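Chemist: Got a structure for you, written out below as structure tokens; questions coming shortly.
Rule-based calculations on the coordinates, nothing more; no lab input. What you are looking at is a predicted structure, and each value in this text was computed from that prediction instead of being measured. Backbone-built Cβ (ideal geometry, glycine too); neighbour counts: all protein chains shown.
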Amino acid sequence: MKVIVLGAGIVGVTSAYQLAKAGHEVTVVDRQPGSALETSFANAGEVSFGYCSPWAAPGIPMKAMKWLFMKHAPLILRPKLDMAMLSWMARMLSNCTSERYAINKSRMLRLADYSRIALADLRAETGIAYDERMQGTLQLFRTEQQLDASAKDVKALAADGIPYEVLDRDGCIRFEPALKHVRDKIVGGLLTPKDETGDCFKFTNALAAKAEALGVRFAYGTTIKALDVEAGRVRGVITDRERMSAEAVVVALGSYSPLLLEPLGIRLPVYPVKGYSLTIPITDASRAPESTVMDETYKIAITRLGDRIRVGGMAEISGYTNDLGLARRSTLEYSVTDLFPGGDISKASFWSGLRPMTPDGTPVIGGTDVAGLFLNTGHGTLGWTMSTGSARLIADLVSGGQPEIDAKDLAISRYG
């Protein structure tokens, strides 16, 4: 079939590659001049198959109230008269129960573990290099209360057969030797050893080149105006340059997906939650992380990417604004210098991106009521983690095949 993929971020490019492998004639459309130039550009670098949890969790409403008054808060809320924002927040709060958390986390772990297999296969198949490491994620606890609260995550990991290890202070230092300089600031951690790290921007562009070699056409610098739908079936895409015909369209536009779908009456509960990152050159390898350390107190990920450290995190709910707030930079700087002192922060580059979040944390993957129209969006902070598995799923669904894992509860129909 002729298939158009909307969006050239990590989710769109992996989808295009898998669709081309399945034998389809694929075109990718994106307003940017190249791949991975928005949310995929400078994310935290985590490929978190085990450290994979919904933001909507028991206790989050109370924590959120406290975070709003913290100097270095992991959550920043800028409320406005925006019905999409208010509706999304209400739905998220309704998912902050033990029952919903267990269901949502199980969905996420299923897809993440499938992506772990898919990424390994893709790496072996293509030989792509992207500053990758396979050394796990250490969720680092500064207080006994945080360590005790990790029991719910341990239970979910065990239920889904995901390897993990609960570490004391010395165990954390054995895993990340640089933490010996700050041993008194930590009490323990939760290690998910199958997690990986890597530069999402490098990976996406390398895979885009592989996709082009398979015949995928990339229409960069092209603004998508509307979906062309007739008699309940998608017929193509209308852009600022031309009308492009297709038998199937995959929407992988991240936070902008709902805006394109709304005129069709499709209410996609995805909302932008802004994250920030710093990229710092390593000046002393003995004081740098070996893999990813997740600072649980500030929800900041500190990741080794070759000769750089990527520091990413925070959740700012402020609509479609993508300005760089200096107060957010200070939080990233505080976390990394507090745990890994000695780096040259003055040489850091600062970035922000809009993560496409669903209220339950699970992406939306599958068909719609419009024949030929498919969604692969809403991955939140885990687009890099879930991209390769999501791409396999969408390629199977578009092709009319049977997915290798259960995907029915990932579709938009779960929202009623």
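Chemist: Going by average Cβ density within 10 Å per residue, which order do the peptides 1-10, 21-30 take, highest to lowest? Let's see the in-between values first.
Modeler: Values: 1-10: 26.4, 21-30: 21.0.
For the peptides 1-10, 21-30, the packing ranking is 1-10, 21-30.
Chemist: Next question, about the same structure. Per the helix-only calculation at 222 nm, which mean residue ellipticity applies to the chain, given -39500 (n - 2.57) for every DSSP H run of n ≥ 4 and division by its residues, nearest 500 deg cm²/dmol? Before the final figure, lay out each step's value.
Modeler: Numbers: 11 runs with 132 residues, N = 416.
Here the helix-only value at 222 nm equals -10000 deg cm²/dmol.
Chemist: Compute, for the chain, the length of the dipole vector about the Cα centre, with Cβ point charges of +1 (Lys, Arg) and -1 (Asp, Glu) only. Units Debye, rounded to 20.
Modeler: Values: 47 positive and 46 negative charges, 132 e Å.
Computed about the Cα centre, the dipole is about 640 debye.
Chemist: Could I ask something else about it? If you line up the long axis of helix 98-126 against the longest principal axis of the chain, both from Cα atoms, how many degrees apart are they, to the nearest 10?
Modeler: 80
Chemist: State the Cα centre-to-centre distance between the range 137-158 and the range 371-403 in whole Å.
Modeler: 30
Chemist: Please report, in debye to the nearest 20, how large the charge dipole of the range 297-344 is about its Cα centre when each Lys and Arg carries +1 at its beta carbon and each Asp and Glu carries -1 there. Numbers along the way, then the final one.
Modeler: Details: 6 positive and 6 negative charges, 30 e Å.
Charge dipole, the range 297-344, about its Cα centre: 140 debye, nearest 20.
Chemist: Give me the mean projected area, in nm² to one decimal, of the convex hull enclosing the Cα positions of the range 319-377.
Modeler: On the way: hull surface 27.3 nm².
Across all orientations, the range 319-377 yields a mean hull projection of 6.8 nm².
Chemist: Starting from the Cα gyration tensor of the range 134-202, take the square roots of the eigenvalues, sort them a ≥ b ≥ c, and report rounded, prolate or oblate (rounded when a/c is under 1.5, otherwise prolate if a/b is larger than b/c, else oblate).
Modeler: Details: a/c = 2.01, a/b = 1.07, b/c = 1.87.
It is oblate, given that a/c is not under 1.5 and a/b is not larger than b/c.
Chemist: Pairwise over distinct Cα atoms, reciprocal of the mean inverse distance: report the Kirkwood radius of the range 297-414 in Å, one decimal place. Each step should come with its number before you reach the end.
Modeler: Details: mean 1/r = 0.0591 Å⁻¹.
Across the range 297-414, the inverse of the average 1/r is 16.9 Å.
Chemist: Using the Cα centre of the chain as origin and beta-carbon charges of +1 (Lys, Arg) and -1 (Asp, Glu), tell me which of LEU77, PRO341, LEU227 is placed farthest towards the positive end of the dipole.
Modeler: Value: LEU77.
Chemist: Rg over Rh of the chain, using C-alpha atoms and the Kirkwood radius, what does it come to? Let's see the in-between values first.
Modeler: Details: Rg = 20.5 Å, Rh = 21.5 Å.
A ratio of 0.95.
Chemist: Could I ask something else about it? Mind checking which aspartates and glutamates have their C-alpha under 13 Å from LYS2, skipping anything on the same chain fewer than 8 residues away?
Modeler: GLU25, GLU247
Chemist: Over 24 Å between Cα atoms, which of LYS21/LYS274; LYS105/LYS202; LYS63/LYS347; LYS155/LYS299; LYS210/LYS274; LYS105/LYS299 qualify?
Modeler: Violating the 24 Å Cα-Cα cut-off are LYS21/LYS274; LYS105/LYS202; LYS63/LYS347; LYS210/LYS274.
Chemist: Can you tell me the dipole magnitude for the range 97-221 around its Cα centre, using point charges on the Cβ only (Lys, Arg +1; Asp, Glu -1), in Debye to the nearest 20? List each step's numbers first, then the result.
Modeler: Working: 19 positive and 19 negative charges, 40 e Å.
It comes to approximately 200 debye.
Chemist: Right, something else. Suppose each label sits 7 Å from its Cα in the direction of the beta carbon; what would the ASP323-ASP409 distance come out to in nanometres?
Modeler: That separation, rounded to one decimal, is 4.2 nm.
Chemist: Tell me, what are the semi-axes, in whole angstrom and largest first, of the equivalent ellipsoid of the range 72-210 as set by the roots of 5 times the Cα gyration tensor eigenvalues? Please list the in-between numbers first.
Modeler: Details: eigenvalues 150, 134, 63 Å².
Semi-axes (√(5λ), whole Å): 27, 26, 18.
Chemist: Taking N as the number of residues in the range 275-316, what is its alpha-carbon radius of gyration divided by 2.2 N^0.38 Å? Display every interim value, and only then the final one.
Modeler: Details: Rg = 10.3 Å, N = 42, 2.2 N^0.38 = 9.1 Å.
The reported ratio for this selection is 1.13.
Chemist: Working from Cα positions, state the angle (0 to 90°, nearest 10) between the long axis of helix 10-21 and the longest principal axis of the chain.
Modeler: The angle comes out near 50 degrees.
Chemist: If you don't mind, another one. Put +1 on the Cβ of every Lys and Arg and -1 on every Asp and Glu Cβ in the chain; which of GLY366, SER257, MET89 then has its Cα farthest towards the positive end of the dipole?
Modeler: It is MET89, whose Cα lies furthest towards the positive end.
Chemist: Continuing with this model, one more query. Given 10 Å bins starting at zero, what is the percent of C-alpha pairs of the range 214-314 in each, up to the one with the largest pair distance?
Modeler: Spelled out bin by bin, the range 214-314 gives 12, 29, 20, 21, 16, 3, 0 percent.
Chemist: Using a ≥ b ≥ c from the Cα gyration tensor of the range 141-257 (square roots of the eigenvalues), is it rounded, prolate or oblate, where a/c under 1.5 gives rounded and otherwise the larger of a/b and b/c decides, a/b for prolate?
Modeler: Numbers: a/c = 3.41, a/b = 2.52, b/c = 1.35.
Cα axes put the range 141-257 in the prolate bin.
Chemist: Follow-up. So how far, in whole Å, is the C-alpha centre of the range 172-217 from the one of the range 296-352?
Modeler: For the range 172-217 versus the range 296-352, the Cα centre distance is 15 Å.
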